[in-house]
1. Pick from the range 109-140 the residues that are in a strand (DSSP E or B) and surrounded by fewer than 20 Cβ atoms within 10 Å (Cβ to Cβ): which of them is nearest to the chain's Cα centre (by Cα)?
2. Just to be sure I understand the filter: pairs with C-beta atoms under 8 Å, separated by 6 or more residues or on different chains, first member in the range 153-172 and under 14 Å from ARG89 (Cα atoms) and outside any loop (DSSP other than H, G, I, E, B), second member among the polar types (S, T, N, Q) and at pLDDT below 95. Which pairs pass?
3. Taking the residues in the range 16-29 that are in contact (Cβ under 8 Å) with a residue 12 or more places away in the chain, part of a loop (DSSP other than H, G, I, E, B) and at negative phi as candidates, determine which candidate is surrounded by the most Cβ atoms within 10 Å (Cβ to Cβ).
4. Which residue pairs have Cβ atoms under 8 Å apart, sit 6 or more places apart or on different chains, and have a first residue in the range 100-121 that is more than 25 Å from ASP162 (Cβ to Cβ) and a second that is of a type in the set (Lys, Arg) and assigned to a loop (DSSP other than H, G, I, E, B)?
5. Condition test on ALA74, is it modelled with pLDDT of 95 or more and on the phi > 0 side of the Ramachandran plot?
6. Within the range 197-213, identify whether any single residue is part of a loop (DSSP other than H, G, I, E, B) and free of Cβ contacts under 8 Å to residues at least 12 places away in the same chain, and answer yes or no.
7. Taking the range 104-131 only, how many residues are closer than 16 Å to LEU86 by Cα, of a type in the set (A, V, I, L, M) and out of contact with any helix residue (DSSP H, G or I) (no Cβ under 6 Å at 6 or more places or on another chain)?
Amino acid sequence: MTGRRGGPQRIPRPSAWEPGVGPPWARPHAKRPRRVDTALLRDAFTRPLPTTPHDATLPVELPSMARPAAVLCALYDEGGDARVVLTRRSGRMRTHTGEVSFPGGRLEAGEDPFAAALREAEEEIALDPASVELIGQLSPLATVSSQAGITPFVGALAGPPDLRPNPAEVEVVLLVPVVELWDPAVYHEELWALPGGGRHAVNFFDLDGDTVWGATGAMLRELLDRLWAAVA
């Protein structure tokens with residue numbers, strides 16, 4: 001624990017940007033649940049994904065299937081609270097060094113996307129594929145830098161996992177309480193100007209010593225949107 005919000009990641013913030021309004025759960029007087037468990041997450045994925053007029057004004061990124069990838073958002077309960085498994089990428093990686101992300105990666109030829117997410121999670125952090133129960137899927141999206149199409153899966157674990165990061169790919173595993181993510185001191189939204197016009201909403205989560213943003217930030221934002229719809 002560093003006691004300091006945010007991390008050393010390099011954020012390629014454009015000169016033209018402004019604070020965003022953010023989703024309803026991020027508003028100052030929103031009544032956010034103090035506890036979130038995997039039972040609530042299961043319920044959230046039985047409901048349609050909510051949308052807001054604010055979101056609809058922003059460009060929608062469609063994934064490029066020429067470079068398909070898959071990631072796993074794994075969650076488990078500890079002390080009645082759900083925690084999400086994130087990783088900080090190793091400094092040995094060629095791209096996205098030091099960034100916080102979900103376990104995952106490129107699909108092999110003919111590979112099922114969920115099988116790829118499980119395989120990558122096992123390779124990166126030794127997560128047992130048999131321990132993962134698929135409970136939902138987040139919206140596919142594309143990374144701005146590589147334009148890889150990513151399919152995010154959400155899986156529930158029976159309990160705290162025994163994880164061992166592969167130092168070639170992962171520097172450290174982060175086990176973050178879900179309720180921490182929608183704390184106003186943790187989350188904020190920025191609107192970045194696009195070269196061709198329009199604006200792009202970028203989601204930031206300033207954790208203890210780390211910052212989550214980009215594609216992973218967008219995935220976490222959708223997860224919290226779904227939770228909010230289940231409790232509002």
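1. Going through the qualifying residues, I end up with GLN137.
2. Once the first residue is under 14 Å from ARG89 (Cα atoms) and outside any loop (DSSP other than H, G, I, E, B) and sits in the range 153-172, its partners that are among the polar types (S, T, N, Q) and at pLDDT below 95 give VAL170/SER90; GLU171/SER90.
3. Pass one, the range 16-29, residues in contact (Cβ under 8 Å) with a residue 12 or more places away in the chain: 16-26, 28.
Restricting the remaining residues to those that are part of a loop (DSSP other than H, G, I, E, B) gives 16, 20-23, 28.
Then keep just the ones that are at negative phi; that gives 16, 20-21, 23, 28.
Values: ALA16: 10, GLY20: 19, VAL21: 12, PRO23: 22, PRO28: 5.
Here the answer is PRO23.
4. ARG106/ARG67
5. Numbers: modelled with pLDDT of 95 or more: yes; on the phi > 0 side of the Ramachandran plot: no.
Judged against the criteria, ALA74 is not a match.
6. Start the filter on the range 197-213 by keeping residues that are part of a loop (DSSP other than H, G, I, E, B), which leaves 197-198, 207, 209-210, 213.
Narrowing further to those that are free of Cβ contacts under 8 Å to residues at least 12 places away in the same chain: 197.
Yes; the residues of the range 197-213 include at least one that is part of a loop (DSSP other than H, G, I, E, B) and free of Cβ contacts under 8 Å to residues at least 12 places away in the same chain.
7. 4
The values are calculated or read from the model by the stated rules, or taken from the named source; none is laboratory data. Only a predicted model underlies this, so the values are computations on that prediction, with no experimental measurement involved. Please note: Cβ atoms are built from the backbone with ideal geometry, for glycine as well, and neighbour counts cover all protein chains shown.
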